[in-house]
Amino acid sequence: MAVAEKATKTATKKVAQKAEAPAEEALLVTQVKSGIGTKPKHRGTLRALGLRKVGQSNLLPDRPEIRGMLARVPHLVTVVPADIADLTALTSGRTRRSDAHSSSVRGDDEGTR
């Protein structure tokens, strides 16, 4: 029983430490210039950042490896520091284009088109 109690105390400590940790910082990265005509390493870096098209944005954690990738392609992206707590409201209200478009295809709003 002593082993089980010790494991429970250790798990409780870890949870408490995570709760005390500050919210993880994040970066909102937006591609502003095309990767066409750039070096293959730059195109690969854009892909690794999760960017495919101009105007596309991705929320990434603020870590040294991400900062290093951003340092490779500063001429292709813009970076805005963001707190994850602030962005949850932003991302929760998103709707997919297919969902918004499907109502007009079905004819739910016939008088508007």
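Looking at region 93-110, is at least one residue on the phi < 0 side of the Ramachandran plot and modelled with pLDDT of 60 or more? No - not one qualifying residue is present in region 93-110. I'd like the residue in region 63-75 that is surrounded by fewer than 14 Cβ atoms within 10 Å (Cβ to Cβ) and part of a loop (DSSP other than H, G, I, E, B) and, out of all such residues, is nearest to the chain's Cα centre (by Cα). Only one residue fits best here, namely Arg63.
Conditions tested, residue by residue: (1) modelled with pLDDT under 95; (2) in contact with a Gly (Cβ under 7 Å, 6 or more places away or on another chain); (3) outside any strand (DSSP E or B).
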| site | (1), (2), (3) |
| --- | --- |
| Ala16 | yes, no, yes |
| Pro22 | yes, no, yes |
| Ala26 | yes, no, no |
| Lys33 | no, no, yes |
| Gly44 | no, no, yes |
| Gly50 | no, no, yes |
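The values are calculated or read from the model by the stated rules, or taken from the named source; none is laboratory data. Small disclaimer: the values here were computed from a predicted structure and weren't measured. Every residue, glycine among them, receives a Cβ derived from its backbone with ideal geometry; neighbour counts consider all protein chains shown.
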